[in-house]
Amino acid sequence: MVRNIRYLIYLKDIFILSLTTFGGATAHFAYFLDHLVYKRGYLTEKELIEMNALCQMLPGPSSTQILTGLAVKIGGAPFAFLTLFVWAIPGVALMTAFGILMSNIDEKELSTHFLTFVQPIAVGFVAAAAYRIVKKVIHTKTSVILLIISAVISVWINSPYLFPALILAGGFITAFKYKAQPIEEKEKIKIRWTALIIWISVLILIAVIGLFTQSLPIRLLENFYRNGSLIFGGGQVLVPFLYTEFVDFKDYLSSSEFLSGFAIAQAIPGPTFSFASYIGALSMREYGVWGEILGGFLAAVGIFVPGTLMMIFLIRFWDQLKKFRIIKASLEGITAVSSGMVVAAIFLLFEPVQNTMLNFSLIIGTVAILLFTKIPAPYVVLIGLLAGFLLG
């Protein structure tokens, strides 16, 4: 009975966070520190910082993985998936609904001028995120070089298969610097393989089914599951992956629709990865409203489940794994390459925006507001929407 009450209290806390946390994984960490550490005492500051470090080594939504990793320690793997549902459902529902709205606007040829100012604002969000990420993680000559190379290649070569190759290469290069890491006494690692086997099996299964059936829902699930298995660095790094695959390659939605959705994703609480549900809904617009709802759901499952499975797999032996110097060293290259992709996303997203003085001013103004004021990000988007309604 006491354990069940503890579970319910934790889920209640997660639901409150899902409705009140804005700004992506970096901002979420501050919320978690205040609510989970100081107010509730689920874990210590050191444990939260270590868990955050583990999430930076994994593909997928890092703030989501922190919550599901903590849930594994509290109630095991099933409780982690229940936590994922409670945390993600508000943002996923809102972004799916916005995808349906955008689809209806397109079909009925209604005006989208109310989104005119939101698109350059979205570019400003990515630029501000790039600055913060680079300032936080780029500290060595090697990481600077990897960042520049990653950014240049990502701008000039648009392929969804390029990004994971760059990330692996970056981690491989800095892994050779392991001797610079301090030596720690190691314990025997005990590994439970179930979650990893499920992750790989599901990826292969849906890829094979999608290949033979050519079913759009199955292919969407595979696309998002693959991206959810390969994206390092949080919601901002999600942008170049999804833009390249769903806008450039598959033309499931337009550049303006993508930018509008990304901007709206900044104005809602919860995980930034819920943006995938917006893309999933628009990708299924030909199937009607129920098809769009299915698309949003499949996108959410695909983008969130792989990272959760990997967190369940690794959290059980993280205390032993983190003592290996080669793991610590490879993180430098992974974060540098991921940072370069965020820088590249600025240029990719700016390309469809008109080169006007107003749009340049909106981008620069958005960056300045986010970096130098305490105005919350949702307010910036809402002001842009209001201006679009009044002036568009």
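Tell me which residues, restricted to segment 322-340, are within 11 Å of SER154 (Cβ to Cβ) and either modelled with pLDDT under 80 or surrounded by fewer than 24 Cβ atoms within 10 Å (Cβ to Cβ) (or both).
Within segment 322-340, just SER338 meets the criteria.
Enumerate the pairs (first residue in segment 274-292 and in the same structural domain as LEU220 (by TED's automatic domain parsing); second residue anywhere and outside any helix (DSSP H, G or I)) with beta-carbon separation below 6 Å, excluding pairs fewer than 6 apart on the same chain, so at least 6 apart or on different chains.
So the pair list comes out as LEU282/LEU253; SER283/TYR252; GLY291/MET284; GLU292/MET284.
In segment 361-383, which residues are surrounded by 15 or more Cβ atoms within 10 Å (Cβ to Cβ) and either over 23 Å from the mean Cα position of the chain (by Cα) or modelled with pLDDT of 85 or more (or both)?
Within segment 361-383, LEU362, ILE363, THR366, VAL367, ILE369, ILE383 qualify.
Name every residue in segment 188-233 that is aromatic (Phe, Trp, Tyr), within 22 Å of the chain's Cα centre (by Cα) and not in a loop (DSSP other than H, G, I, E, B), in order of residue number.
Listed by number, the residues that qualify are TRP199, PHE224, TYR225.
Quickly run through segment 79-117 and pick out the residues that are modelled with pLDDT under 90 and either among the β-branched types (Val, Ile, Thr) or part of a helix (DSSP H, G or I) (or both).
Residues satisfying the conditions are LEU101, MET102, SER103, ASN104, ILE105, ASP106, GLU107, THR112, HIS113, PHE114, LEU115, THR116.
Would you kindly identify the helices (runs of 4 or more DSSP H) lying entirely within segment 1-63 that contain at least 3 residues that are within 22 Å of MET310 (Cα to Cα) and modelled with pLDDT of 85 or more?
Filter on segment 1-63 gives 2-20.
The values are calculated or read from the model by the stated rules, or taken from the named source; none is laboratory data. Here the structure is a predicted model, which is why all the values come from computation and not from measurement. Reconstructed Cβ throughout: ideal geometry from the backbone, glycine too, with neighbour counts over all protein chains shown.
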